[in-house]
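Q: The structure's right below; bear with me while I get my questions together.
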Amino acid sequence: MNGRGDMAWCPGCGNFAIRDVLEEVLKELPIPAQNVVFTSGIGQAAKMPHYLHVNYFNGLHGRSLPVAAGIKLARPDLTVIAYSGDGCMYGEGGNHFIHTIRRRLDITILTSNNQVYALTKGQSSPTSDPAVKNALDPQGNQNIPLNPVLLAVTMGAPFVARGFAGDHDHLKELIKEAILFKGTALLDILQPCVSFNKINTYQWYRQRVFKMEKPLTDRCEAMKTADLWGDKIPIGIIYLNKEAESREGKELFRQQATENDIAGLLDMTCVMMR
Amino acid sequence: MEFNVLIGGEAGQGAFSVELELTEILTRLNYYFFATKNYMSRVRGGHNFHMIRIADHPVHALRGGQWDMVIALDAEAESRHKQNIRDKGIYLAPASAREIEKEARDRFRDVRAANNILVGIVLSVIGVSRQILAEAAKPENLEHLTAGLEFAQRWNLAETCPVSPKAVCPCKLDGNQAIALGAIIGGCQFMAGYPMTPATSIMHYFATAAQRMPVHFEQAEDEISAINMALGASYAGIRSMTATSGGGFALMQEGVSLSGMTETPIVIAVSQRPGPATGLPTRTEQGDLNFVLQAGHGEFPRIIFAPGSIDETIMLAAKSFELADRYQIPVFLLTDQYLADSVQLTDEKIPAAAQSREHLIFDNTYRRYRLTADGISPLTCPGLSDALVKVDSDEHDEEGKITEDLTLRTRMVEKRRGKGERLLIDAVPPALYGYKDAGTVIICWGSNKLIVKEAQEMLAREGIETAVLHFGQVYPLTADMIAPWGLASKKLICVENNAEGQFASLMKRELGLDATHRLLKYNGECFTVEELYQNIKQLLSGRS
Ligand SMILES: Cc1ncc(C[n+]2csc(CCOP(=O)(O)OP(=O)(O)O)c2C)c(N)n1
Ligand code: SF4
Ligand SMILES: [Mg+2]
């Protein structure tokens, strides 16, 4: 499809720019579309796979990652990309985010981070800046923001990056590298929401982002850089660990337990209390 | 002839090992037996006891009443169980257990040898000779078991309650092993789960199997993740399941609904324990029928199986995967701690070949939710051709794209309902035991089957004619399933391990049948045969 059909996004939304980049990347990847599976949760960002020529499992709010893990474990031959918003990925799905990194599967995690719950019309998200006001935070957000990039570096994710919807070419390279990287890759994408985030606008980001010259390979150094936010916001691959080994799923598809396997099951004892 | 023995002590004292070793060697010796346990939710201390019923005929339940032998490993076991020994029954006091332990340490330099010495004593009591033992025992256990026979000789216990071994080629399984086995036979290759009693050993069996064959177990970070992982694997083309108990299932509910909407096949084993909340983690109850029946928001079809024996557990577990695939729905295996922890023999031939999902190939006009006459759309998985597989938890069109077209919405609701109508033809009818023309029918479901069946046989021996009707499929219930038995004009007694009579209410709602009597138990323990026999007899003599 050439995406600009019926899309549920507002004119000017950063997601359009990301979608265009994704469409180009998918065409250029050395992987046929039929082998690419997107999983997503619920939110404006989570609608992304509907506007791409891919397989998808658009599941529940917060659950793009467990579904992605299930697919990758069952079918190591598929290229699995989880796509969702900041609320979905780091809020409702925050626990899965942590544990998916621990699982070391070859999954790409892409987040449209607009620092707001957009679909539900503008509440604070886990990445909202302090003091932003909205209907449910009339006094201003009292919480400190979660920094997904810093968290991922801390957890030992081997590929941690940040992109910006306003920089097409740079984002394109990042998405490509993230997908082709063998192992868990996080790419958090700064995505201006023109309807509900009047602070973190294209201009706001443009004035602050700076590109990483090259990926950091020292984790402590990477943590320091990842921690930067405010006046200066790093984009690019912040941490890269090419040595990290990812976990391979087992060959299951079209394999079968044999009669011998089943006979062997009758001799199992389980020496545990439940 | 039969012989009922109880062995009790603190957690970690060895009573469980004695049960394991004893049931193992009884199976090798071709004895019929039934074993189950009553244990506390702790790793050390407390009080656990294991009950083994050995017989010269098939037994599948606790007899109840007095014990032929009690082995008390500590004072607590003595104070609780000594009084329940029958007249001239055998009692091994904690002092005897210590003597055995001393022997194990002095002679074998291994305290754990005490477990097999105890097993040897029990074997000697039921008449197992040195020779027979030598043929059947594993070589590494023989010395210890033989020492047990010697103790029994010295204490004049040998052959005091002889039982003949009459089983033919028996095979021993507990309920959770039967679920894992049935699942693998049903072609299940993926399980994700989060440990929770009494479901954990299903995962343990599956993880053990995964070391030897093309199946995978993944321990999830929580139950929400577990069910979503299983759905992911199923979407990817692999028959998948998850297992949990009530509290974990509470967390899985959104996934049940997700399976309903995305039409992703999944099997969910819910092993019940008494609730609400954390309840009694290691005890039994049938309190979650309503919960499983209603779980998940929105309207979508489901099937709930509640097997009552080892054979039936294997059969229904395997069948669950076939039906989940055929109708693209969630299918439940509703069991409980009693079934999970009971070790039984089966003479039935266990199917040896595993089934598998058929993977159809389509072209790029493929629509995952194609509208068909019976509501069943062709199922395939990604990566087989240029047919893209698009599934959505939002209401969707035939292609799997999010939609708010309300006419389409209506058609999609009807499509999902259509599957619910269609699957009625596959309903597993209840099984009837006893006198089919009897005026009284004892209704039961799930793990109570064989307890009720034996109670019915006891009544029959006294000339009291009743029938037992056991439901292995508890939902959906259809008029056709019960048509042969003319239940409307009979006196119905419903036996359940819960306080509300949930199945009786369901029968009323779905079939319009009134069970005028409900025999309910909800202290966390299973029924015994003796107890049910007494209760039913009292009911029927009008003295209730
Ligand atoms: C279990 C559940 N809780 C709440 C919601 C409502 N909801 C839908 S999207 C959303 C937040 C979306 O925020 P984000 O993930 O950042 O996506 P965005 O719309 O900003 O792209 C919420 C709270 C839901 N669909 N499911
Ligand atoms: S609400 Fe915000 S995130 Fe959603 S489509 Fe509009 S601009 Fe984009
Ligand atoms: Mg957002």
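The values are calculated or read from the model by the stated rules, or taken from the named source; none is laboratory data. Keep in mind it's a predicted model, so treat the numbers as computed, not measured. So basically every Cβ, Gly included, is an ideal-geometry build from the backbone, and we count neighbours across all protein chains shown. Only protein heavy atoms, including side chains, enter the accessible area calculation; ligands, DNA and RNA are left aside. Shrake-Rupley method; radii C 1.70, N 1.55, O 1.52, S 1.80 Å.
Q: For B:Gly148, state whether it is of a type outside the set (A, V, I, L, M), surrounded by 14 or more Cβ atoms within 10 Å (Cβ to Cβ) and under 32 Å from the mean Cα position of the chain (by Cα).
A: On the way: of a type outside the set (A, V, I, L, M): yes; surrounded by 14 or more Cβ atoms within 10 Å (Cβ to Cβ): yes; under 32 Å from the mean Cα position of the chain (by Cα): no.
Spelling it out, it is not the case that B:Gly148 is of a type outside the set (A, V, I, L, M), surrounded by 14 or more Cβ atoms within 10 Å (Cβ to Cβ) and under 32 Å from the mean Cα position of the chain (by Cα).
Q: Run B:Ala353 past the list (1) in contact with a strand residue (DSSP E or B) (Cβ under 9 Å, 6 or more places away or on another chain); (2) open to solvent by 20 Å² or more (accessible area, probe 1.4 Å) and report the number of the one that doesn't hold.
A: (1)
Q: Do we have any residue at all in the stretch A:46-60 that's away from ligand 2 (no atom under 16 Å from the Cβ), open to solvent by 10 Å² or more (accessible area, probe 1.4 Å) and within 19 Å of A:Asn95 (Cα to Cα)?
A: yes
Q: Working only within the stretch B:28-61, note down all residues that are among the polar types (S, T, N, Q) and crowded, with 19+ Cβ neighbours inside 10 Å. Walk me through how you get there before you give the answer.
A: Here is the first cut: in the stretch B:28-61, the residues among the polar types (S, T, N, Q) are B:30, B:36, B:38, B:41, B:48.
Of everything in the stretch B:28-61, those that are among the polar types (S, T, N, Q) and crowded, with 19+ Cβ neighbours inside 10 Å turn out to be B:Thr36, B:Asn38, B:Asn48.
Q: Quick check: is even one residue across the stretch B:375-390 away from chain A (no Cβ under 14 Å) and basic (Lys, Arg)?
A: Step one: filter the stretch B:375-390 for residues away from chain A (no Cβ under 14 Å), giving B:375-378.
With basic (Lys, Arg) added as a condition, the list becomes none.
No, because not a single residue in the stretch B:375-390 is away from chain A (no Cβ under 14 Å) and basic (Lys, Arg).
Q: Looking at B:Glu348 and the list (1) charged (D, E, K, R); (2) under 20 Å from A:Thr39 (Cβ atoms); (3) surrounded by fewer than 24 Cβ atoms within 10 Å (Cβ to Cβ), which single condition is not satisfied?
A: Here B:Glu348 clears every test but (2).
Q: Just give me the residues in the stretch B:180-189 being surrounded by 24 or more Cβ atoms within 10 Å (Cβ to Cβ) and over 30 Å from B:Met40 (Cβ atoms), in sequence order. Before you say what the answer is, go through the steps one by one.
A: Our first condition is that a residue be surrounded by 24 or more Cβ atoms within 10 Å (Cβ to Cβ); within the stretch B:180-189, this holds for B:180-184, B:186, B:188-189.
Result: B:Ile184, B:Gly186, B:Cys188, B:Gln189.
Q: Looking at the stretch B:394-417, can you tell me whether even one residue there is outside the structural domain of B:Val495 (by TED's automatic domain parsing), on the phi < 0 side of the Ramachandran plot, free of Cβ contacts under 8 Å to residues at least 60 places away in the same chain and in contact with a Pro (Cβ under 9 Å, 6 or more places away or on another chain)?
A: No.
Yes/no per residue for (1) within 8 Å of chain A (Cβ to nearest Cβ); (2) surrounded by 24 or more Cβ atoms within 10 Å (Cβ to Cβ):
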residue	(1), (2)
B:Met191	no, yes
B:Met196	no, no
B:Phe206	no, yes
B:Gln211	no, no
B:Pro214	yes, no
B:Ile224	yes, yes
B:Ser245	no, yes
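Q: Check whether at least one residue in the stretch A:109-127 is within 25 Å of B:Ala192 (Cα to Cα), open to solvent by less than 10 Å² (accessible area, probe 1.4 Å) and more than 16 Å from ligand 2 (Cβ to nearest atom), and report yes or no.
A: yes
For every residue, the table says whether it meets (1) more than 10 Å from chain B (Cβ to nearest Cβ); (2) in contact with a strand residue (DSSP E or B) (Cβ under 7 Å, 6 or more places away or on another chain); (3) of a type in the set (A, V, I, L, M).
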residue	(1), (2), (3)
A:Leu22	yes, no, yes
A:Glu28	yes, no, no
A:Ile31	yes, yes, yes
A:Ser40	no, yes, no
A:Gln44	yes, yes, no
A:Tyr51	no, no, no
A:Arg63	no, no, no
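Q: Follow-up. Having 2 or more residues that are of a type in the set (Gly, Ala, Ser) is the bar; report the strands (runs of 3 or more DSSP E) wholly within the stretch B:256-351 that clear it. So that I can check it myself, show each step before the final result.
A: Details: elements: B:266-272, B:303-305, B:330-336, B:343-346.
Those strands (runs of 3 or more DSSP E) span B:266-272.
Q: When you scan the stretch A:77-90, do you find a residue that is more than 15 Å from the chain's Cα centre (by Cα) and either polar (S, T, N, Q) or at pLDDT 95 or above (or both), even just one? It would help to see each step written out before you state the result.
A: Restricting attention to the stretch A:77-90, the residues satisfying the condition of being more than 15 Å from the chain's Cα centre (by Cα) are A:77-78.
Those still in the list that are either polar (S, T, N, Q) or at pLDDT 95 or above (or both) too: A:77-78.
Yes; the residues of the stretch A:77-90 include at least one that is more than 15 Å from the chain's Cα centre (by Cα) and either polar (S, T, N, Q) or at pLDDT 95 or above (or both).
Q: Pairs, please: C-beta under 7 Å, at least 6 apart or cross-chain, first residue within 14 Å of chain B (Cβ to nearest Cβ) and in the stretch A:110-121, second near ligand 2 (Cβ under 7 Å from one of its atoms) and at pLDDT 95 or above?
A: Pairs found: A:Leu119/A:Gln44.
Q: Any residue that is open to solvent by less than 10 Å² (accessible area, probe 1.4 Å), in contact with a helix residue (DSSP H, G or I) (Cβ under 9 Å, 6 or more places away or on another chain) and under 27 Å from B:Asp397 (Cα atoms) - is there at least one of those in the stretch B:277-295?
A: Scanning the stretch B:277-295, I find at least one residue that is open to solvent by less than 10 Å² (accessible area, probe 1.4 Å), in contact with a helix residue (DSSP H, G or I) (Cβ under 9 Å, 6 or more places away or on another chain) and under 27 Å from B:Asp397 (Cα atoms), so the answer is yes.
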